[in-house]
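Written out below as structure tokens is the structure these notes cover.
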Amino acid sequence: MKIVPALLFFSALIAADSDVILYNGKIVTVDPAFSITQAVAVSGGRVLVVGTDEAVVATRAANTKMIDLHGRTVLPGLIDSHVHALEAGLSEFHAPLPRLDSYAAVRRFLREKAKTTPKGEWIVVPRTFPTRLEELRMPTKDLLDVVTDHPVVFDASYVVILNSAALQKCGIDRDTLNPPGGEIGKDANGEPNGILKNGQALLKGISLGGHFTDEEKLRALEDQLKCYVAAGLTGVGDRAVDHEQIGLYERLHDSGRLPLRVSMTWRPDASRPTEELIRAIETARYTRGSGDDWLRFSAFKLTLDGGMTIGTAYQRQPYGAFGKQLYAKTDPDDRGQLFIAPAKLLAVMRAARNRGWQLTTHDQGGGAIDAWLDTLEALDREKPIAPTRSFVMHASFQSPEAIARMKKMGIAADTQSQWLYLDGAALEKVFGNDGMRWFFPLRSYLDAGIKVAAGSDHMIGHDKNRSVNPYNPFVSMWTEVSRKVTDGRALHPEQKITREEALKTHTIWAAWLQFAEDKRGSIEPGKFADLVVIDRDYLTCPEDEIRRIEPVMVIIDGKIAWQRK
Ligand SMILES: [Zn+2]
């Protein structure tokens, strides 16, 4: 009996010993007071003490690993709220992707590819958006007809473009009917111009995802996640997992190969019948919160509209004259596509809410945002929606009215400033400067008290700076702070947020959106020791330097997960 208190005392003492101490640095804690201190001690994967060098070094034990920061800055482990890791991992699994930023580059790519591809076999132009081509014009079959012996498909996500050989192979001619919810683009003479909007179902003998074995997929996913760690990320939100991807993540986790914390968003195919979707929700073995601190489910997502970089996002207003060029629009009144009828959206989301899910939709255009908020309002009338931490995703074309509705209901925002940086200038040509006033309006969100999480929407390519979209979190924070677009201008600088706020969008607020703010997102005693040491001072370096900040060391769960060589 006597031995019990002694043992307790002993274990308490062990717990107070540090495994690792980082000292002589600038620790940006992101605690509620945004405290900045000198040192942090880690024990058992958790933060033990944060404070002055003196206070922290006092917890040193015989085998504590001491890391002298030499004045360097330490941030909480960064979170990217929105990635598509498997798709990106596979995109360069076999070969690096070319840089396709002009028609000439696309032609060059096709000519080269034709030399090594057997005649008659498909050639895929990897995902490229017309907003990122020098010409700012949606390609048609004419561009792709530089190759005639191969069917070619140009991947612009919800839109694909075929060359003449591909149209023939797929049996698409002037008499072919539009697929459900999709459109076959036509030229002035009524002939197919190669553009298929939401019409991938018409493709024959080609899967844009390519063919990979399970083992290849597992390796591609693991390698991509490791790249995230090297970029300073200790957690990501994978924003569209299906059963296959859930299985891959679980295999990685079960075999101890998950390099960082992953929060999964389940996205079933919204085109399935309502009853089938509801049944899938009710019978799924998981819901929000299923999993552990490494791999957990968070949101339930449906894709509500198309993309703004290809003119299918559902807007409040028509795409207008420049939209005709950029997106090859034929109808000047076209506003884009809403994929789900309101009654279906409400029924499916109600089922998901009743199963405990956090709710979200892909909603790019203003019309889609409004439709999503209508649904959330209907659900809110039945039962307050705020506790579910539901959110708009992208919500690129905001409005003061929509922001007021979000504030009233307690709806958060999952944002990606990379769309502003890379596409802002092109979209301004479509919608005018005034039409961009509420484009990713981070300042307005924060002033309204709306929680903002930030991510990249990384989907193609491995490199953190050259991929679509770049997942370098420092480029993201730089854009949030500067509102700079590719031509160097600040687009609606009144929407700038501070460096402190930008850091929160990638730490504590992103953790909040993952229901993890009690364990992650700041450097505080008891929280997971997820940290990133960086090569310059995020808070004081010149603004344009923010984007060039590089991680030096990344610690996850108290262990060094990556270190600069
Ligand atoms: Zn996405």
Of these, Thr540, Thr479, Thr486, which one is in a helix (DSSP H, G or I), more than 16 Å from the ligand (Cβ to nearest atom) and β-branched (Val, Ile, Thr)?
Thr479
Residue in region 81-95 that is farthest from the ligand (Cβ to nearest atom), counting only those that are aliphatic (A, V, I, L, M), out of contact with any Asp or Glu (no Cβ under 6 Å at 6 or more places or on another chain) and in a helix (DSSP H, G or I)
Leu90
Hey, can you tell me all the residues within region 435-464 that are within 16 Å of the ligand (Cβ to nearest atom) and of a type outside the set (Asp, Glu)?
Phe440, Ala453, Ala454, Gly455, Ser456, His458, Met459, Ile460, Gly461
Residue pairs meeting the criteria (Cβ under 9 Å; at least 6 apart or on separate chains; first within 14 Å of the ligand (Cβ to nearest atom), in region 237-262; second among the acidic types (Asp, Glu)):
Gly237/Asp80; Gly237/Asp414; Arg239/Asp414; Arg239/Asp457; Ala240/Glu87; Asp242/Asp269; Gln245/Asp238
Among the candidates Leu196, Leu167, Leu218, residue that is open to solvent by less than 60 Å² (accessible area, probe 1.4 Å), part of a helix (DSSP H, G or I), aliphatic (A, V, I, L, M) and in contact with a Gly (Cβ under 9 Å, 6 or more places away or on another chain)
Leu167
Which of the residues spanning region 170-190 are surrounded by fewer than 13 Cβ atoms within 10 Å (Cβ to Cβ) and touching a helix residue (DSSP H, G or I) at 6+ places or on another chain (Cβ under 9 Å)?
Gly171, Asp173, Pro180
So for region 309-318 (the condition being without any contact (Cβ under 8 Å) to a residue 40 or more places away in the chain and charged (D, E, K, R)), does at least one residue qualify?
no
Cβ-Cβ under 8 Å, sequence separation 6+ or interchain: first residue in region 489-512 and over 12 Å from Thr415 (Cβ atoms) and open to solvent by 10 Å² or more (accessible area, probe 1.4 Å), partner assigned to a helix (DSSP H, G or I) and β-branched (Val, Ile, Thr). Which pairs?
Lys496/Val481; Thr498/Val481; Arg499/Val481; Arg499/Ile546
Name the one entry in Val125, Val83, Val56, Val40 that is modelled with pLDDT under 95 and surrounded by 22 or more Cβ atoms within 10 Å (Cβ to Cβ).
Val125
Qualifying position, being within 14 Å of the ligand (Cβ to nearest atom) and open to solvent by 10 Å² or more (accessible area, probe 1.4 Å), among Val468, Val392, Val430
Val468
A careful count of residues in region 327-352 that are buried (at least 21 other Cβ atoms within 10 Å of the Cβ) and over 26 Å from Asp187 (Cα atoms) gives 5
Applying the selection to region 295-326, what residues are surrounded by 19 or more Cβ atoms within 10 Å (Cβ to Cβ) and aromatic (Phe, Trp, Tyr)?
Phe297, Phe300, Tyr314, Tyr319
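The values are calculated or read from the model by the stated rules, or taken from the named source; none is laboratory data. What you are looking at is a predicted structure, and each value in this text was computed from that prediction instead of being measured. We place every Cβ from the backbone using ideal geometry, glycine too, and count neighbours over all the protein chains shown. For the accessible areas, the whole protein counts, side chains as well, though only heavy atoms, and no ligand, DNA or RNA atoms are used. Shrake-Rupley method; radii C 1.70, N 1.55, O 1.52, S 1.80 Å.
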